[in-house]
Amino acid sequence: MKKIEHLGIAVKNLAQSINLYEKLLGVPCYKTETVESEGVTTAFFKTGENKIELLEAAHTESPIAKFIDKKGEGIHHVAFDVDDIYAEMKRLKNSGFQLLNEEPKRGADNKLVCFIHPKSAGGVLVELCQEIR
Ligand code: ZN
């Protein structure tokens with residue numbers, strides 16, 4: 001794995017949180033995007049080498065709605081940049097990690113993504129992401 005690509009932060013109200021994070025980070029949100037398959041609306045900020053991704057539930061069955069019900073707003077996942085998502089998925093699976101999807105999915109911000117179950121990763125939801133070229 002290469003650098004941390006972004007941190008995913010679950011929020012209740014995207015518009016309010018964009019305001020808050022623009023003030024906090026001192027940079028404007030450069031993109032918002034809804035990912036229907038994941039039930040989320042996202043907003044991205046560039047912070048140097050890395051990014052912050054805010055995630056709002058797009059509907060009540062969204063995994064983000066469930067996360068906020070259980071834990072409240074806050075850090076939801078850590079995403080790592082990878083060169084070859086298929087190779088990393090295979091490596092992690094062979095090392096006993098539980099993948100949440102068997103095939104890479106199309107995520108926000110032009111990425112192929114795969115999530116690792118937090119139960120197999122020390123309580124942290126880990127995302128692999130590879131830029132779609
Ligand atoms: Zn993410």
Report task. Would you tally the residues in the range 38-59 being open to solvent by 20 Å² or more (accessible area, probe 1.4 Å), under 12 Å from the mean Cα position of the chain (by Cα) and of a type in the set (Ser, Thr, Tyr)? Result -> 1
Report summary line: With criteria (1) touching a residue at least 40 places away in the same chain (Cβ under 8 Å); (2) assigned to a loop (DSSP other than H, G, I, E, B); (3) surrounded by 12 or more Cβ atoms within 10 Å (Cβ to Cβ), LEU128 comes up short on (2)
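Kindly indicate whether any position in the range 24-37 is crowded, with 17+ Cβ neighbours inside 10 Å and farther than 13 Å from GLU127 by Cα.
Yes, because at least one residue in the range 24-37 is crowded, with 17+ Cβ neighbours inside 10 Å and farther than 13 Å from GLU127 by Cα.
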Requested in this report: For the range 90-99, state whether one or more residues are more than 23 Å from CYS114 (Cβ to Cβ), open to solvent by 40 Å² or more (accessible area, probe 1.4 Å), away from the ligand (no atom under 16 Å from the Cβ) and part of a helix (DSSP H, G or I).
Outcome: no
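Given the residues ILE52, ILE64, which is the only one that is part of a helix (DSSP H, G or I) and modelled with pLDDT of 95 or more?
Going through ILE52, ILE64 in turn, the sole match is ILE64.
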Query raised in the report: Scanning the range 100-115 for residues that are in contact with a Leu (Cβ under 6 Å, 6 or more places away or on another chain) and closer than 26 Å to SER17 by Cβ, which turns out surrounded by the most Cβ atoms within 10 Å (Cβ to Cβ)?
Result: CYS114
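The values are calculated or read from the model by the stated rules, or taken from the named source; none is laboratory data. A quick note: this is a predicted structure, and the numbers were derived from the prediction, not measured. Counting neighbours? That spans all protein chains shown, and the Cβs are built from the backbone with ideal geometry, glycine included. SASA here: full protein model, heavy atoms, side chains in, ligands and nucleic acids out. Shrake-Rupley method; radii C 1.70, N 1.55, O 1.52, S 1.80 Å.
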